[in-house]
1. Round to the nearest 10 and report in Å² the accessible area of Phe106, as given by a 1.4 Å probe over the protein chains' heavy atoms.
2. Can you order the peptides 133-145, 86-98, 107-119 by their average number of other Cβ atoms within 10 Å per residue, highest first?
3. Could you give the nm distance between label points at Val110 and Leu82, where each point is 7 Å from its Cα heading toward the beta carbon?
4. For Ser142 and Met89, compute 0.36 nm times the residue count separating them, minus their Cα-Cα distance, and round to one decimal in nm.
5. How much length, in nm to one decimal, is gained on full extension between Arg73 and Cys96, taken as 0.36 nm per residue of separation minus their Cα-Cα distance?
6. Just grab the label-to-label distance for Cys119 and Gln103, each label 7 Å out from Cα along the Cβ direction, in nm (one decimal).
7. Probe of 1.4 angstrom, ligands and nucleic acids ignored: what's the accessible area per residue over the stretch 33-94, in square angstrom?
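The values are calculated or read from the model by the stated rules, or taken from the named source; none is laboratory data. Model, not experiment: these values are computed from the prediction. Cβ coordinates were reconstructed from backbone atoms using ideal geometry, including for glycine residues, and neighbour counts include every protein chain displayed. To get the accessible areas, we keep the full protein, side chains included, count just its heavy atoms, and leave off ligands, DNA and RNA. Shrake-Rupley method; radii C 1.70, N 1.55, O 1.52, S 1.80 Å.
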Amino acid sequence: MPPQVSRATGCGKSKNSGKSVHRLRLSRENGTSAMAVKREITDNTCIAFSGLGFTSFYLAGKLQCFTDSGRGRSWRLCAMILPLYSAMMIALSRTCDYKHHWQDAFVGGVIGLLFAYICYRQHYPPFLHTDCHLPYARLALSAAQQAPITQEQPQPTDNATSLPLEGMTEGPV
């Protein structure tokens, strides 16, 4: 806390276009006071960037924008960027309406993109992978089907004929 500010007290909520804004009254040592706004990360931007960011990552993988087969085709890149552009417009609307500061919208967008990328990478390989359009489950299934089948000795089944007879006595015990 800066030295000129001695304490901060809440002075209630003020209504601003239907949304409550928490305000604090800052009392300074020299007797003057100032109003401050409590800042928070915009949840609209975070949700928009996480949902539309995942959609953008999904399109980048499915359209193979960053692999050798997809390079040189600009329509694929434009289709991939369109959801991110929509999320950016949502963040811009939060700052233009004076609901949030631009720093809050920026941090919300970064957090949303981070979560979107983590969720995308749990199911799909990196964008530069040749099979980036296939989920990990399908890649594992195709790898299991292409694995060479080896001719091994058949394993005995678990029944009485396959058990060794050592140490067993004949007759009733």
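1. For Phe106, solvent-accessible area is about 130 Å².
2. 107-119, 86-98, 133-145
3. 3.0
4. On the way: separation 53, 0.36 × 53 = 19.08 nm, distance 4.04 nm.
Here the answer is 15.0 nm.
5. 4.8 nm
6. Here the modelled spin labels are 2.8 nm apart.
7. Working: 3560 Å² over 62 residues.
Roughly 57 Å² per residue, with all protein chains present.
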